[in-house]
1. Kindly list the number of the only condition in (1) within 23 Å of residue 124 (Cβ to Cβ); (2) touching a Leu at 6+ places or on another chain (Cβ under 8 Å); (3) open to solvent by 40 Å² or more (accessible area, probe 1.4 Å) that fails for residue 64.
2. Cβ-Cβ below 6 Å, separation at least six or inter-chain, first residue in the stretch 223-235 and more than 8 Å from residue 172 (Cβ to Cβ), second assigned to a strand (DSSP E or B) and open to solvent by 70 Å² or more (accessible area, probe 1.4 Å): which pairs?
3. So which residues in the stretch 269-290 are closer than 22 Å to residue 159 by Cα and without any contact (Cβ under 8 Å) to a residue 40 or more places away in the chain?
4. Could you please give the count of residues in the stretch 27-50 that are farther than 20 Å from residue 169 by Cα and buried (at least 19 other Cβ atoms within 10 Å of the Cβ)?
5. Checking residue 106 against (1) among the aliphatic types (A, V, I, L, M); (2) touching a strand residue (DSSP E or B) at 6+ places or on another chain (Cβ under 7 Å); (3) within 23 Å of residue 233 (Cβ to Cβ): exactly one of these is not met. Which one?
6. Would you tally the residues in the stretch 260-290 being of a type in the set (A, V, I, L, M) and surrounded by fewer than 16 Cβ atoms within 10 Å (Cβ to Cβ)?
7. Would you please name the residue that is most open to solvent (accessible area, probe 1.4 Å), looking only at residues in the stretch 291-323 that are in contact (Cβ under 8 Å) with a residue 40 or more places away in the chain and in contact with a strand residue (DSSP E or B) (Cβ under 6 Å, 6 or more places away or on another chain)?
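The values are calculated or read from the model by the stated rules, or taken from the named source; none is laboratory data. In this text the structure is predicted, and so the values were computed from the model without any measurement. Glycine gets a Cβ as well: all are built from the backbone with ideal geometry, and neighbour counts include every protein chain shown. The area values use the complete protein model at the heavy-atom level, side chains included, leaving out ligands, DNA and RNA. Shrake-Rupley method; radii C 1.70, N 1.55, O 1.52, S 1.80 Å.
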Amino acid sequence: MNASLSTPLRVAIIGAGQVADCVHAAYYATRPDLQLVAVMDNRLPQAQAFAERYGITGVYQDVQQMLHDATPDIVSVCSPNRFHFEHVMAALAAGCHVMCEKPPAMTPQQAEQMRNAARKAGKVLAYDFHHRFSHDAQLLRDAVQNGVFGEIYVTTAQALRRCGVPGWGVFTNKALQGGGPLIDIGIHMLDAAMYVLGFPAVKRVTAHSFQKLGNRKNRGQFGEWDPATFTVEDALFGTLEFCNGGILRLETSFALNIREQSVLNVSFCGEKAGAMLFPAHIFADVDGELHTLAQRDETDDQRHLRSMEAFVQHVLGEPVMIADAEQGVVIQQLIAALYNAAETGECVELC
C-alpha cells in the first residue's frame, strides 16, 4: 500500500455532515502534510458553509466532477449509508485512498466489491470503526494474544439507548440507512468485540428485532422524529456462535425501557479471567474475591483521532493497524446475517 504521492496530499470529503466536520476535516486540518481541497454534498449551502470553515476552495454537488477537478489523493466518504458503495467505488476508480464511515455498505456483496476494487487499484480502503483504536481495546487485545484470559467463551456487546433516536439525518429511514441501532451503533461494539477476540470464524447467527417504541413516540434524548416515517428497528438482540464454541451476545437499541440513559460496552468471560472494555478492566476471582489484573482509570476519548491517524499513516506506508476492507466484509456479513435471522426467525448458517 506504500505509494509515492505528492506532498501535501490533497484531501476531498464527500458529505458535509457532523461526522465529516467534527472528525474527518477536523483531523485533516491539523496536519501540514495534508491539504483540504474539496467538499461535495448535494445540499449546496451546507457544503459552502463547510468549505468556509476549513478554507476549502472546491465546492461540488457532483462526485465525478469533484474527483475530476480536484484530483484528490485521499477521499473521506461521510455520505448516508445508502451511498457509501457508489462513492467509495468512484473514489477508488479515480485512484484515491479512501476512509469510509461505517457501515462499509448496504450489503455484503457491495462490501466485497469495494474490497476487490481497492486491491485492484492498490489503494488503502479503511473504515472508521474507531472504538478498536482506543487504548482500552488495545490493552484487552494484547491480553488475549498473551493468553491472559485462556479461552474466552462468552462475550456480551451492548450499544443501548433508553430513548436515543437521532432527530436529524436519515437514521430512521431504512431505505437510506439500511437499518436502525444495529447498523448505526451496534456495529461499533460488534467490531470492537471482534477485534479484541481476533475475528474468530462465526458458525451461525440467531436474532430478534423489535419496533415497539420508535413508531409510537416522537421525542427523546436527541430531539424529535416522525413516528409515521420510522421504518427501522428500535431494538435488536442477537447471538453469534463461533466455530471455536464460544458465543457473542449483541444487544442494541435506539429506544428501550432500561434504567440507564445509554450503555456502550463489551464484556468478556474467559477460563482464567474476565474483562470490561470501557474503561478497560481485567479481573479474576481469587477465593471469592475480585482480583484486578490490569485496569485503566478512564476510558480513552481519543479513539476518533487514532482511527484517522492510523489511516493516514497507513497511506504513507507505515505498517499500522487499520479497520481494513477485508474486516469490513466480515462485519457487513455479520450485520446482514443478524438482520436476516431477525426478519425470518430462522438461524443463519455461515460456515
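1. Only one criterion is unmet by residue 64, namely (2).
2. 235/210
3. 276, 281
4. Of the stretch 27-50, the ones farther than 20 Å from residue 169 by Cα are 27-38.
Still in the list and also buried (at least 19 other Cβ atoms within 10 Å of the Cβ): 27-28, 34-38.
Summing the residues that are farther than 20 Å from residue 169 by Cα and buried (at least 19 other Cβ atoms within 10 Å of the Cβ) in the stretch 27-50 gives 7.
5. In the conditions (1) among the aliphatic types (A, V, I, L, M); (2) touching a strand residue (DSSP E or B) at 6+ places or on another chain (Cβ under 7 Å); (3) within 23 Å of residue 233 (Cβ to Cβ), residue 106 misses (2) alone.
6. Residues flagged as of a type in the set (A, V, I, L, M) and surrounded by fewer than 16 Cβ atoms within 10 Å (Cβ to Cβ) within the stretch 260-290 amount to 2.
7. Once the filter is applied, the top-ranked residue is 293.
Residue-wise test of (1) more than 23 Å from residue 20 (Cβ to Cβ); (2) at pLDDT below 95; (3) more than 22 Å from the chain's Cα centre (by Cα).
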{"site": "168", "(1), (2), (3)": "no, yes, no"}
{"site": "176", "(1), (2), (3)": "no, yes, no"}
{"site": "195", "(1), (2), (3)": "yes, no, no"}
{"site": "225", "(1), (2), (3)": "no, no, yes"}
